[in-house]
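Just below is one structure, and these are the notes that go with it.
Coordinate-derived values only; no laboratory data. Because the structure is a prediction, the values reported are computed rather than measured. All Cβ positions, even for glycine, are placed from backbone atoms using ideal geometry, and neighbour counts span all protein chains on display.
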Amino acid sequence: MIQFPKKTGFFKSSNIELTLEWGALFHGCFVVELIFDSRKLIFTKDKVEIDDVKKDSSDFRILLKAFMPLKVNRFEVNNGAIFYADNISKPKYTHINNTSIKSSHMSKNVSDQLVETLVEAGIKRIYAVTGDSLNYVNEAVHRNGKIKWIHVRNEETAAFASGAEAQLNGLACCAGSSGPGHVHLINGLYDAHRSSASVLAIASTIPTKEFGTGYFQETNIFKLFDDCSCYNQMATTTEQFPRMLQAALQNAVHKKGVAVLGLPGDITNLPAAVAETTTTIFRNKPVIRPSNDELLQLADLLNSNQKITVFCGLGAADAHQEIIQLACVLKSPIAYSYKAKMAIQYDNPYEVGLTGLLGIPSAYQSMHECDLLLLLGTDFPYTPFMPVQNKIVQIDIKPENLGRRAKLDLGLCGDIKETLAVLLTLLNEKEDTTFLNRQLEFHKKVEQNLLYYVNDRGESNAIHPEYVASVINELADRDAIFTVDTGMCCVWAARYIDGTGERKMLGSFNHGSMANAMPQAIGAAFARPDQQIIAFCGDGGLSMMLGDLMTIVQYNLPVKIVLFNNRSLGMVKLEMEVSGIPDIETDMLNPDFAKLAEAMGMYGITINDPTDVRSTLEKAFHQDGPALITIQTDPNALAMPPEIEFDQMKGFAFYMGKMMLSGRADEVLKIIKSNYKHLGEVV
Ligand SMILES: Cc1ncc(C[n+]2csc(CCOP(=O)(O)OP(=O)(O)O)c2C)c(N)n1
Ligand SMILES: [Mg+2]
């Protein structure tokens, strides 16, 4: 009998897994196939038993296969056979008792097939938490070596991070294990899907034979992911798997959304079936533009109307040059959505800013005072900000988006860059710049108003967030990537971070989830290791996903987290105030975040005084690794939407009245004092 030492593994199909004692920092697995006298060895839990062992047998073969470079110190069997092996990085044959070791072939399982296809599709990493039904996938990732497993602390982070990576680099992947693991993915997947991010989400599940029995951790992935995916299927046979995987990737890439692939744990370790169909992903970019007749109709409208405003969404992002040319020909101001800001604002003499809840009045005015509004590549969701009196034309690559936000006079399907390239040849240049100049002048005035809070930096522990954002704007790299939390951070970044043509800004702009910025920064840091990553976080947001600060530390991601610590759910506080409701349950009792960062192994610092903002941020931005910079901001900072509704002001006044009556006059005074400039403008 040959008996392996204690750390032996378990029998697994035709292979045997052994956990060995090795010298490197790392613990992993070996697959060993032992063939003795032409017979496979039979493993029991921790020993190998072979009948009729002939001590001097020379027909003893062993295949060692390491999944990553490892140093093996010692491997021993109880008959005294010992071998030493160094740095095994690929299948390697070695000797036991002078026995020659010959080649053996290990067949690949479904998890290997998954990993190979992901590698071929250009996916570099899987953000996930391992566990039960995902373990063979995890093992296959390590075996392959060309793709990384990014071990996050919460699967929601995995989904947000992959969404961010996909928005920056095109395609990304996350995974959640059976039941609660993949349920955690959902919020981030909603965000990715609604941000048009091509994400493959692997949802591993309970074993196939348990389906429909109310088994431990059972979920119904079809119901669960239906609303946040463009493809949602489950492979229950090995033959289905390669076809569904290819289809999932093809859907994610071309429908620009989340594809969910359900993968029962028992399937992950079955021998892979040879794919009957292609496993390659086809990335196409057809030329799509309106027909010639439609373009002539559009040109007619634009030539015959005098005051035209152009409004750009993210779908117009790669047409910067054409849009500027168009504005020059039409003498049009250019407004844009938040998502399009980084792509449209820079080098743009026609810009009048962004509109929407977080926007500024000049964009709103330009869109309302024109005769014709031209919407380019936008699905901007807030109808109250759309004008109703003037003509509206919309062009979008997705025809299903046409007309769902505004009353259109004309709706056309096309890629913005391709469409404008032809349209420009059909337009007559306008001479009259009166409308354009008036809008640009107003924009200039609005920009000056926005500087009020930049110049007035606030007080100790009540630093104006506007000032902080404007300093970050100056300190950040030309190609920095910003991630912004839902909440007031969104407002400060929208108003004070300028586009350069190379900067990017990610947020939860359609789904509107809190706690997005730090997880997205993780994805951005992996996707763009050579660029500066700055996360604008709210204290409510960061607290929600705090554990994943450790992911940042674990992978030493040089993310700079700027925490706007207003000790409250600020945006909700504002919502309640303008609705005339007292701001109950919005206060936050926070830890000392700098100490917390240090305890986690990250550079952490708190800024209490406005005079320290610039120098401290500068120092923190120069840290090699991650940094958490907590800024004690003014809890009463308000952001007025571009067009204050009378009802809102009435609500706000009513709220103030209620606060006075309930004896909170001191708070009323504080709010007025903090916002005297805004209030002076709007009251
Ligand atoms: C997951 C989630 N829960 C609740 C909300 C509602 N909500 C929107 S903003 C906000 C407050 C955010 O607070 P914080 O992160 O501290 O940012 P602040 O507005 O104070 O800057 C809340 C509760 C949300 N959008 N998402
Ligand atoms: Mg807050």
* Structure fact -> Ordered by number, the chymotrypsin sites (Phe, Trp or Tyr not before Pro) in region 360-413 that occupy a DSSP loop and have at most 16 other Cβ atoms within 10 Å are Tyr382
* **Inter-label distance for Asp479 and His254, nm, one decimal - labels placed 7 Å from Cα along Cα-to-Cβ** => 3.2
* Of the listed pairs Lys255/Lys407; Lys256/Lys417; Lys307/Lys444; Lys124/Lys256; Lys417/Lys444, which have alpha-carbon separations greater than 23 Å here? => Lys255/Lys407; Lys417/Lys444
* Enumerate the calculated ³J(HN,Hα) couplings along region 474-482 in order (Karplus 6.51 cos²θ - 1.76 cosθ + 1.60, θ = phi - 60°), each rounded to whole Hz, writing x wherever the residue is Gly or Pro. => 6, 7, 5, 5, 4, 10, 5, 10, 9
* Label-point separation (nm) for Lys619 and Asn437, each offset 7 Å from Cα along Cα-to-Cβ? -> 5.1
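Using a Förster radius of 41 Å, what is the FRET efficiency between Arg567 and Lys444 based on their Cβ-Cβ separation? Nearest 0.05, please.
0.70
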* Just report the Cα centroid separation between region 383-459 and region 230-266, whole Å. => 39
* **Alpha-carbon spread of region 310-445, three principal axes, descending order, Å** => 38, 34, 29
* Asked: Once amide H atoms are placed 1.01 Å from N in the peptide plane, what residues at a sequence separation of 5 or more from Ile392, or on another chain, have their amide H within under 5 Å of its amide H?
  -> Leu373, Asp409, Leu410
* Asked: Tell me, what is the percent relative contact order of region 292-440, built from C-alpha pairs under 8 Å that lie six or more residues apart?
  -> 28
* Asked: What is the ratio of the Cα radius of gyration of region 110-264 to 2.2 N^0.38 Å, where N is its residue count, to two decimals?
  -> 0.91
* To do: Grab the beta carbon distance between Gln297 and Ile397, set R0 = 25 Å, and tell me the FRET efficiency rounded to 0.05.
  => 0.85
* **Net charge, Ser196 excluded, C-beta distance under 10 Å - Lys, Arg +1, Asp, Glu -1** => +4
* Give the peptides 446-454, 387-395 in descending order of average Cβ contacts within 10 Å, highest first. => 387-395, 446-454
